[in-house]
Amino acid sequence: MDTGFTVEQLRAAATDAVRAPSLHNTQPWRFRLREGGIEVLVDPSRRLPATDPSGWGTRIAAGAALFNLRLALAVAGTPATVRLRPYPAEPDVVARLVPDVPRRPIPAEQSLYAAIPRRFSNRAPFWPDPVPADARWRLGEAARAEQCWLELLIGTSAVNAFAEIARGAHRVLERDPAYRAEREEWVRTEHAVDGVPAAAGGPQSEPQDLLPSRGFGGRDRAPGRDFEPEPLVAVLGSTGNTAVDQVVAGQALQRVLLTATDAGLAVSMLSQPIEVPGAREQLRLSLGRFGTPQMVMRIGYGQPGSPTPRRPVGDVLDLPVRPG
Ligand SMILES: Cc1cc2nc3c(=O)[nH]c(=O)nc-3n(C[C@H](O)[C@H](O)[C@H](O)COP(=O)(O)O)c2cc1C
């Protein structure tokens with residue numbers, strides 16, 4: 001009896017996996033079938049050397065893709081058992097999934113799965129409506145379900161203290177010409193299968209803005225106006241900061257993002273204070289938490305976002321060569 005996953009199952013689940021977010025929409029992942037198991041790999045050729053010298057961003061993105069893959073398989077009735085970094089000699093393989101006992105999906109899996117194609121980074125200003133307590137609780141639960149924590153910054157002084165750290169990190173990064181060149185290289189003004197379309201880049205930033213924006217060449221806006229009333233800022237953290245912890249955090253990130261989407265919330269990500277080691281440490285100390293901050297999110301209600309492109313799924317699959 002063949003107890004492994006099939007090429008068809010891999011292809012179907014990978015189609016959902018690639019909807020995951022990634023730094024500058026680089027999509028640094030590959031998927032393959034080996035001895036009946038689906039394997040998720042980071043694609044080092046799609047790492048951003050100036051923005052992401054350690055490969056943290058590729059592991060977060062691959063973890064997020066892995067979460068979608070797990071959900072897709074579970075919703076199809078074939079949940080998987082997952083081993084992270086299964087081969088010490090092959091560090092690019094971030095996970096191996098083998099079939100678990102088939103079962104019907106539970107409603108929570110179905111609603112998160114349905115959120116996959118509706119999740120987009122939304123960099124537009126959010127409305128003043130506060131995020132209600134039950135939605136905040138659900139977001140925290142989503143992180144905890146994936147062995148991570150989510151700290152919501154409550155009150156003006158917590159948000160201001162964070163904003164100062166984030167703006168400092170942004171200034172450090174912007175001083176590096178290689179970092180700026182890399183970002184410009186991934187802004188797309190014409191049709192493409194990767195990168196950030198200028199239309200998804202959000203409005204231009206203004207000197208009075210509380211939070212730094214990455215500057216993907218977005219729309220002009222009225223000068224002198226505040227971007228938005230105080231946003232909800234959330235920091236996602238993991239217990240450690242090994243390569244495995246970062247893959248775990250990527251899965252938690254995607255679970256939080258899909259939970260937010262399912263609750264009708266919009267989110268954008270803000271990773272400058274994670275990318276600058278000094279800022280990350282300042283952020284960790286300011287939160288007074290053990291573990292490591294892995295991502296910052298801005299969460300609220302807003303205009304619906306729009307999808308960014310993805311490479312055709314066939315481009316990210318390594319399929320077994322059929323004999324003969
Ligand atoms: C590790 C990581 C870091 C990111 N950092 C930022 C950021 O600092 N600013 C931002 O606007 N978007 C950030 N993003 C969002 C990506 O730009 C976005 O996921 C990508 O362009 C694909 O678009 P989508 O999220 O709408 O699918 C980040 C995403 C990941 C996974």
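Per-structure values
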{"read-out": "Tilt relative to the chain, helix 133-145 - C-alpha long axis, 0 to 90 degrees, to 10", "value": "50 degrees"}
{"read-out": "Radius of gyration and maximum dimension Dmax of the chain, Cα, Å", "value": "19.3, 68"}
{"read-out": "Residue 118-residue 154 FRET efficiency (beta carbon distance; Förster radius 25 Å; 0.05 resolution)", "value": "0.35"}
{"read-out": "Residue-normalised accessible area of the chain, given per residue in Å² at a 1.4 Å probe", "value": "46 Å²"}
{"read-out": "Gained length - residue 239 relative to residue 161, 0.36 nm times residue gap less alpha-carbon distance", "value": "25.8 nm"}
{"read-out": "Point-charge dipole on Cβ atoms (K/R +1, D/E -1) for the chain, about Cα centre, debye to 20", "value": "300 debye"}
{"read-out": "Inter-label distance for residue 11 and residue 81, nm, one decimal - labels placed 7 Å from Cα along Cα-to-Cβ", "value": "2.8 nm"}
{"read-out": "Check: the range 189-292 dipole with +1 on Lys, Arg Cβ and -1 on Asp, Glu Cβ, in debye", "value": "240 debye"}
{"read-out": "Accessible surface of the range 95-215, 1.4 Å probe, proportion on carbon and sulfur as whole %", "value": "57 percent"}
{"read-out": "Which of 304, 20, 200, positive extreme of dipole for the chain (C-beta unit charges)", "value": "20"}
{"read-out": "Net charge over other residues, Cβ less than 15 angstrom from the Cβ of residue 264 (K, R count +1; D, E count -1)", "value": "+1"}
{"read-out": "The range 240-324, accessible surface, carbon-and-sulfur percent (1.4 angstrom probe)", "value": "56 percent"}
{"read-out": "Farthest toward positive dipole pole in the chain [+1 Lys/Arg, -1 Asp/Glu at C-beta], among 212, 7, 54", "value": "7"}
{"read-out": "Cleavage-rule hits, GluC sites (Glu not before Pro), the range 6-90, DSSP coil, Cβ neighbours within 10 Å at most 16", "value": "35"}
{"read-out": "Helix axis angle, 56-75 relative to the chain longest principal axis, alpha carbon, degrees", "value": "50 degrees"}
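The values are calculated or read from the model by the stated rules, or taken from the named source; none is laboratory data. Small disclaimer: the values here were computed from a predicted structure and weren't measured. Positions of Cβ are generated from backbone atoms using ideal geometry, with glycine treated the same way; all protein chains shown enter the neighbour counts. For accessibility, only protein heavy atoms count, side chains too; no ligands or nucleic acids. Shrake-Rupley method; radii C 1.70, N 1.55, O 1.52, S 1.80 Å.
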